[in-house]
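Asker: Starting off with a structure, shown below.
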Amino acid sequence: MGAEDNDEPPSKRVKVSSGQLVDISDGTFIRDPASCSLGDSMARPLTLQGEDEVVGTKGVVKKVEFVRIITEALDSLGYKKTRALLEEESGIPLHTSVINLFMQQILDGKWDESLNTLRKIGLVDEKIVKLASFVILEQKFFELLHKEKVMDALKTLRGEISPLCINNDRVHQLSFFIVSPSQQVLPGVSGQGIVRVKSRTKLLEELQRLLPPTVMVPEKRLVHLVEQALDLQLDACRFHNSVVGEMSLLTDHHCGIDHIPSLTVQILREHKKEVWFLEFSHNGKYLASSSADFSVIVWEVELDGSVCMKHKFLGHKTSVSYISWSPDDHQLLTCGEEDTVIRWDVESGKCIHIYEKKNVGFISCGWASDGKRIFCGVTDKSITMWDLEGKELECWKGHRTIRISDLGITSDGKHVVSVCKENMIVLFGWESKVERVIQEDQAITSFVLSMDSKYVLVSLSNQEIHLWNIEGTVKLVSKYKGHKRSRFVVRSCFGGLHQSFIASGSEDSQVYIWHRGSGELVGTLAGHSGTVNCVSWNPRNPHMLASASDDSTIRIWGYNRVNTKQHDTDNGVNCCNGRS
């Protein structure tokens, strides 16, 4: 441009003391990790010949454990015969005969027998025995109520559940089902006024999570380990920009530079002067750009990936420096340089409303999350809120913004974000009146909010870009370096799959791309012949990036050439000058 909080309701959080259960849903209990760690609740493991034998080159994978989780995986996939053959050939059973008997008794509803078998499993920690007994007896209690055997249920509650001395609050809740005839106990899922008895299969899964893994192999353990391995590979891949479904278990995952936009696939030449700003719509179907030639252009992204002009808006009397899409992408706000804000209809291309204020101009604009109000940064350093018809609803005076400033509204609509001083960003709760600030050591030239509004990306005059986490306590997360900036405003953006990359313009005519997590510079894109003022990454297409330059062009970057009808060509690159 030319000069963690816990959101669970209290009823789902029960303080756990020694020997208590954690209530995670209606009638579902699991061990509290703090009070029942695996280290102090180990049972006697399977005793098998060669149990110390290992497989693999690193000597850390025990053969017995490895075979057992493979056996469990076969069982969970329904390959019962193959599972039996593996147990027979390896001599390594998935479970001991005692555990197999225990599991069958649970499925058959033989509650008293299962409690006796539980004692024979060999659990060292009596606390775990009581926890498992509580879960079993609760199931027995509800099934008796479902069969309308109220006196038997009462006998179970008084004579078996209460003596365990576990979770008295839950025992009182169970008592309520005895004395309240309005409560219905039915099989299925719980709802208001109805308590559903969990299936015995679900009960068995709950017990499986409760008992030590040396006794019962956790369900789908092998799948969990494979997913962990894939996640680690993704974290280590600096170029990953594709959906997880494209990964394969047959090879180690690795993406090349071609997975991020690195090739100019189209050049848009409709603007006559420097292109200062551009931004994709939320749905990725449109790209809006503004220029020093006083114009705004809305480009349409076709199904084949080509980009062609839909409308050119001519209504500003100065260079257009700022653009903001409505939440539904049906309308567009544009702001002239210290001039007016205009609201446009994207489909028809018509001007809907012009926002003006006497004796002052506007420098930025943005939408409320409901799309019914707009916010404007004003040259007198205030921020105003308007309804769509142009009525000023509120004005926050003082140092709320500066002459060269961006404006952001968080996705929940509760905070307005603006540069309030040369080196300070304010996060202003316009309803709560609570303010937080981001304090930088250098002058701020621009900023942008992440899609989830949890982060702010701040471009600075010292050729650094800082990533700030604004969820809760404001803190600096990462820094990105390498691009050039000495005189002009160059803007940066989030982008790629899950916004895993950071891109920025630069005064050396290149686009710079960093891996967001590591801060590593993963690519520089050359092609422009002037300062790259602004970049925007298509939020719906991780392989499409747009850049705007002082050379009066917009470049569309991709990982492959788009197959489009060429309106004009420049060394084989598709150029678009509007619709043909």
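The values are calculated or read from the model by the stated rules, or taken from the named source; none is laboratory data. What you see is a predicted model, and the numbers here were worked out from it, not measured in a lab. We place every Cβ from the backbone using ideal geometry, glycine too, and count neighbours over all the protein chains shown. Calculation scope for accessible area: heavy atoms of the full protein, side chains included, ligands and nucleic acids excluded. Shrake-Rupley method; radii C 1.70, N 1.55, O 1.52, S 1.80 Å.
Asker: Quick check: anything in region 262-276 touching an Asp or Glu at 6+ places or on another chain (Cβ under 8 Å), at pLDDT 90 or above and surrounded by fewer than 16 Cβ atoms within 10 Å (Cβ to Cβ)?
Answerer: yes
Asker: For region 67-98, name all the residues that are under 40 Å from the mean Cα position of the chain (by Cα) and open to solvent by less than 30 Å² (accessible area, probe 1.4 Å).
Answerer: Hits for region 67-98 are 67, 68, 69, 71, 72, 73, 94, 95.
Asker: Please work out which residue is farthest from residue 405 (Cα to Cα), limiting yourself to region 303-350 and to residues that are of a type in the set (Val, Ile, Thr) and open to solvent by 10 Å² or more (accessible area, probe 1.4 Å). Step through it out loud before you land on a result.
Answerer: Initial filter on region 303-350 (of a type in the set (Val, Ile, Thr)): 307, 318, 320, 323, 334, 340-342, 346.
Filter once more, keeping what is open to solvent by 10 Å² or more (accessible area, probe 1.4 Å): 318, 340.
Numbers: 318: 17, 340: 15 Å.
In this case the residue turns out to be 318.
Asker: Tell me which residues, restricted to region 374-383, are out of contact with any Asp or Glu (no Cβ under 6 Å at 6 or more places or on another chain) and either buried (at least 18 other Cβ atoms within 10 Å of the Cβ) or of a type in the set (S, T, N, Q) (or both).
Answerer: Of the residues in region 374-383, the ones out of contact with any Asp or Glu (no Cβ under 6 Å at 6 or more places or on another chain) are 374-378, 380-383.
374, 375, 376, 377, 378, 381, 382, 383 - these are the residues of region 374-383 that are out of contact with any Asp or Glu (no Cβ under 6 Å at 6 or more places or on another chain) and either buried (at least 18 other Cβ atoms within 10 Å of the Cβ) or of a type in the set (S, T, N, Q) (or both).
Asker: Please work out if residue 369 is at pLDDT 95 or above and in contact with an Asp or Glu (Cβ under 8 Å, 6 or more places away or on another chain). Reasoning before the result, please.
Answerer: Numbers: at pLDDT 95 or above: no; in contact with an Asp or Glu (Cβ under 8 Å, 6 or more places away or on another chain): yes.
In short, no.
Asker: Looking at this structure, is residue 465 open to solvent by less than 30 Å² (accessible area, probe 1.4 Å), under 20 Å from residue 418 (Cα atoms) and not in a loop (DSSP other than H, G, I, E, B)?
Answerer: Numbers: open to solvent by less than 30 Å² (accessible area, probe 1.4 Å): yes; under 20 Å from residue 418 (Cα atoms): yes; not in a loop (DSSP other than H, G, I, E, B): yes.
For residue 465, the condition - open to solvent by less than 30 Å² (accessible area, probe 1.4 Å), under 20 Å from residue 418 (Cα atoms) and not in a loop (DSSP other than H, G, I, E, B) - is met.
Asker: Go through the residues of region 287-294 one by one and say whether even a single one is closer than 30 Å to residue 517 by Cβ, assigned to a loop (DSSP other than H, G, I, E, B) and either more than 27 Å from the chain's Cα centre (by Cα) or at pLDDT below 90 (or both).
Answerer: No, every residue in region 287-294 fails to be closer than 30 Å to residue 517 by Cβ, assigned to a loop (DSSP other than H, G, I, E, B) and either more than 27 Å from the chain's Cα centre (by Cα) or at pLDDT below 90 (or both).
Asker: Going through region 108-122 one residue at a time, which ones are open to solvent by 20 Å² or more (accessible area, probe 1.4 Å) and in a helix (DSSP H, G or I)?
Answerer: Hits for region 108-122 are 108, 111, 112, 113, 115, 116, 119, 120.
Asker: So for region 546-553 (the condition being within 19 Å of residue 462 (Cα to Cα) and surrounded by 24 or more Cβ atoms within 10 Å (Cβ to Cβ)), does at least one residue qualify? So that I can check it myself, show each step before the final result.
Answerer: Quick first cut of region 546-553, residues within 19 Å of residue 462 (Cα to Cα) only: none.
No - not one qualifying residue is present in region 546-553.
Asker: Sticking with this structure for a sec: Specify which of the listed residues (400, 436) is at negative phi, assigned to a strand (DSSP E or B) and surrounded by 14 or more Cβ atoms within 10 Å (Cβ to Cβ). Lay out the reasoning, then the answer.
Answerer: On the way: 400 fails: assigned to a strand (DSSP E or B).
Of the residues listed, the single one that is at negative phi, assigned to a strand (DSSP E or B) and surrounded by 14 or more Cβ atoms within 10 Å (Cβ to Cβ) is 436.
Asker: Are any residues in region 277-302 surrounded by fewer than 21 Cβ atoms within 10 Å (Cβ to Cβ) and charged (D, E, K, R), and if so, which ones?
Answerer: 285, 293, 300, 302
Asker: Please specify each residue of region 455-497 satisfying the condition of being more than 17 Å from residue 426 (Cβ to Cβ) and under 16 Å from the mean Cα position of the chain (by Cα).
Answerer: 494, 495, 496, 497
Asker: Okay, next question. Is it true that residue 105 is surrounded by 12 or more Cβ atoms within 10 Å (Cβ to Cβ) and either at pLDDT 95 or above or more than 28 Å from residue 201 (Cβ to Cβ) (or both)? Explain how you work it out, then say what you get.
Answerer: Numbers: surrounded by 12 or more Cβ atoms within 10 Å (Cβ to Cβ): yes; either at pLDDT 95 or above or more than 28 Å from residue 201 (Cβ to Cβ) (or both): yes.
For residue 105, the condition - surrounded by 12 or more Cβ atoms within 10 Å (Cβ to Cβ) and either at pLDDT 95 or above or more than 28 Å from residue 201 (Cβ to Cβ) (or both) - is met.
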